[in-house]
Structure formats: C-alpha cells, structure tokens
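Peer 1: This structure is in structure tokens; I'll ask about it shortly.
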Amino acid sequence: MNEAETRAELIDPQLAAAGWATTADAKVFREHIIAPGKIQAGGGRGKLLKADYVLSYRGRKLAAIEAKSNEQNLGEGVTQAKDYALRLELATTYAANGLEIYRICMRTGVEQLVSAFPTPQELWDATFATENPLQNRFNDVPYETMGGTKAPRYYQENRQCSERCIGCCC
C-alpha cells in the first residue's frame with residue numbers, strides 16, 4: 001500500500017475510532033500547510049511544508065501526525081513529526097504507518113509505541129494538565145477570518161499560553 005492508501009484505509013479509521021470524526025469541536029486537518037515554502041531568487045517559492053494530519057480540539061491545535069506507507073518502517077516519520085511539532089509549537093506528535101503508532105512528547109522527551117490514538121478529550125487533558133481559566137477564555141474566542149478571506153498567521157495559530165501568562169501574550 002502507498003502512503004495515500006495507508007492514510008485512507010488504515011489511519012483515518014483509527015482516528016475515527018478514537019472519536020476524532022464524531023466529537024464536537026474536534027477537527028482533523030489533512031495536508032495542513034505549516035510553511036508556504038522558502039522564498040527563492042526571482043520571487044518564487046520552494047516546496048510547501050505540509051503535515052499529513054494536525055489534530056485540533058476546542059479551537060487549539062494539539063498534535064501532528066506524520067503518516068508513512070504500511071510498507072515502511074515507523075521510524076521513517078519520526079524526524080518529520082518532531083519538526084512539525086517544533087514548528088507548530090505542539091506538545092505531542094505522532095508517526096504512524098497504519099500498523100503501529102509512535103507517540104512523542106515534546107515536553108518530556110518520552111517516546112513510545114501506543115496501541116491507539118487518544119480521544120480529543122484525552123489529548124486535551126494531556127496537553128493542558130493544569131486548569132487555566134484565563135487560557136480557557138482565550139480558547140473560546142475564535143480567530144476572525146473576515147468571512148474566510150484572511151488566514152491566521154503562524155503566531156496566531158500557535159497561540160499557546162504559558163503558565164506565566166497574565167493576558168498579554170495571547
């Protein structure tokens with residue numbers, strides 16, 4: 001199976017089984033553009049940088065998934081998954097080939113095989129282990145897209161609120 005078939009036949013059903021297709025406020029972004037491509041001489045741009053999946057819940061991006069063909073070794077996608085997590089400022093990322101799922105916690109450095117993807121609420125609870133009422137208020141405010149004509153900039157998408165936040169950094 002190639003990567004597209006692996007995603008459609010193996011990974012998509014695993015995400016659906018974890019509730020990513022049915023939970024309110026949960027979104028799975030496929031082919032999510034992380035960077036528009038390096039500006040080259042003459043005004044053109046290089047190749048887009050896209051994550052295979054980005055998992056979002058309650059308006060916050062929580063994890064990236066790098067998918068590989070089920071014929072490839074799972075480790076082939078680990079470096080890419082980590083790169084996506086760093087660029088998107090995510091606490092969790094995954095590499096998956098449809099047969100195995102490898103979880104990487106960017107905060108603690110713990111890497112391990114897991115049996116299934118987490119539910120949206122489980123991933124939310126792992127990402128935001130301590131309750132932060134101010135952060136919750138900011139999460140409830142959607143980004144204004146001007147009717148879909150304006151896309152958020154990377155720093156608006158990465159609106160992670162630190163524990164020290166007093167309302168000025170979000």
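Peer 1: Run down the lysines and flag those whose C-alpha is under 20 Å from the C-alpha of residue 27, throwing out any fewer than 8 positions away in its chain.
Peer 2: Reachable lysines: 50, 61, 150.
Peer 1: OK, next. With a cut-off of 14 Å, note down the residues of segment 1-43 whose backbone N falls inside the zone around a label point 7 Å from the Cα of residue 76 toward its beta carbon.
Peer 2: Residues 1-7 qualify, since their backbone N sits under 14 Å from the label point.
Peer 1: In segment 1-72, with Lys and Arg counted as +1 and Asp and Glu as -1 at Cβ, which of these residues, 57, 23, 46, has the Cα nearest the positive end of the dipole, that is, farthest along it?
Peer 2: 46
Peer 1: Between residue 108 and residue 45, with labels modelled 7 Å along Cα→Cβ, what's the label distance in nm to one decimal, could you check?
Peer 2: 3.7
Peer 1: What figure in square angstrom, to the nearest 10, would you give for the accessible area of residue 39 with a 1.4 Å probe?
Peer 2: Residue 39 exposes around 120 Å² with every protein chain in place.
Peer 1: In segment 56-115, carbon and sulfur make up what percent of the accessible area (probe 1.4 Å)?
Peer 2: Details: 1150 of 2680 Å².
The C+S portion of the solvent-accessible surface of segment 56-115 is 43 percent.
Peer 1: How much length would be gained if the chain were fully extended between residue 149 and residue 116, taking 0.36 nm per residue of separation minus their Cα-Cα distance, in nm to one decimal?
Peer 2: 8.2 nm is the gain from fully extending residue 149 to residue 116.
Peer 1: Looking at the square roots a ≥ b ≥ c of the eigenvalues of the Cα gyration tensor of segment 1-51, which shape do they give, rounded for a/c under 1.5, prolate if a/b is larger than b/c, or oblate? Could the numbers behind the result be given before it?
Peer 2: Values: a/c = 6.57, a/b = 2.05, b/c = 3.20.
The shape class here is oblate.
Peer 1: Another question, then. Name the long-range amide H neighbours of residue 101: under 5 Å, sequence gap of 5 or more, or other chain; modelled H, no Pro or chain starts.
Peer 2: So residue 101 has HN proximity to 114.
The values are calculated or read from the model by the stated rules, or taken from the named source; none is laboratory data. All of these numbers come straight from a predicted model, not from anything done at the bench. Cβ: placed from backbone, ideal geometry, glycine included. Neighbour counts: every protein chain shown. Surface areas here come from the heavy atoms of the whole protein model, side chains and all, with no ligands, DNA or RNA. Shrake-Rupley method; radii C 1.70, N 1.55, O 1.52, S 1.80 Å.
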